Each structure stands twice: as structure tokens, then as C-alpha cells.
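Reviewing the structure listed below.
The values are calculated or read from the model by the stated rules, or taken from the named source; none is laboratory data. Only a predicted model underlies this, so the values are computations on that prediction, with no experimental measurement involved. Here the Cβ positions follow ideal geometry from the backbone for every residue, glycine too, while neighbour counts run over all protein chains shown. Areas reflect the complete protein model, heavy atoms only, side chains present, ligands, DNA and RNA absent. Shrake-Rupley method; radii C 1.70, N 1.55, O 1.52, S 1.80 Å.
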Amino acid sequence: ITVTWHHAMYRVMGETQARQLERLYLLPGVGLCGGGEGPSSIDLVTPMMEWVEQGRAPDVITTSKAAPNGSVPTGTTRTAVRPLYPYPEFAQFTGRGDLTTFDSWRRATGRSQVALREWAGSGFYEPYSFLSH
């Protein structure tokens, strides 16, 4: 539903105006309420405050996830760090380096991350118009 709303807003308002108000960041591999394999620790408040107070819209946001206990040698920690780009862009592994480091990822576009389908409520995201009698 969130992606449907995002597309409807861009269609109705136009890309230029919509990008002044909204950014959508998808967290691949993260469950609906957290968990999952993907990095899910994210600070959205700081970039949003910079956007509102200083006029700098977020271009890339960092997300991370600490390794679970027992998955790294005792006495060490390992945190996966990954960039998030505004939808429809996404982070793509470069094929070089460590999957857990920010610099091993690049901005990519092209293939859709989400398969959208028409559904009964999709009309809810269209502008309201009065019926004439």
C-alpha cells in the first residue's frame, strides 16, 4: 500500500512537487515489524530534521544491523552497514569487498524492487471528485 500511495502522489502532484515533500526508503530483508536478515537499525529523525530545518533533503541514509551473538568470535562485534537510497533507487552490491561495509554498495536504478498489482482499494489513492446528477 505504501508504494501504491507513493506512485499515486507522484502521478497526481508531479515528480518535482512530490520530491519536495516525500522520500520513500525500502529496507530489503527486513520483516514488517523488524527482524529478518536485512539491516533494520535506522535513524530517520535526524535526516528529516535536516530537511525541515535546513532544507537539505536526504539523498542517502545509513542502516545497520549488529551480528547476532555467537556468529562472530568471542570478544568481537560485527555490524553490517548499508546505504539506503530513495525509492525507486536501491543499494546494489558492487561484487567487491565485504557485504557488511558501506563502500561495497552502489546506487542503482532499473529493475523494480516491488511488484505492484491492481487491487480493489487502489482507487482510494486518486483525487476525490464530486458526482454530478
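Table for the structure above
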read-out	value
Nonlocal amide H pairs with T63, under 5 Å, H built at 1.01 Å	R82, L84
Amide H partners (placed H, <5 Å) of G36, local residues excluded	G31
Formal net charge of residues neighbouring G29 (Cβ-Cβ distance under 14 Å; K, R +1; D, E -1)	+1
Heavy atoms of V45: accessible area, 1.4 Å probe, square angstrom to 10	90
Sequence of F130, F102, F90 when ordered by accessible area, the most exposed leading, probe 1.4 angstrom	F130, F102, F90
Accessible-area order (highest first, 1.4 angstrom probe) of the listed residues I42, I1, I61	I1, I42, I61
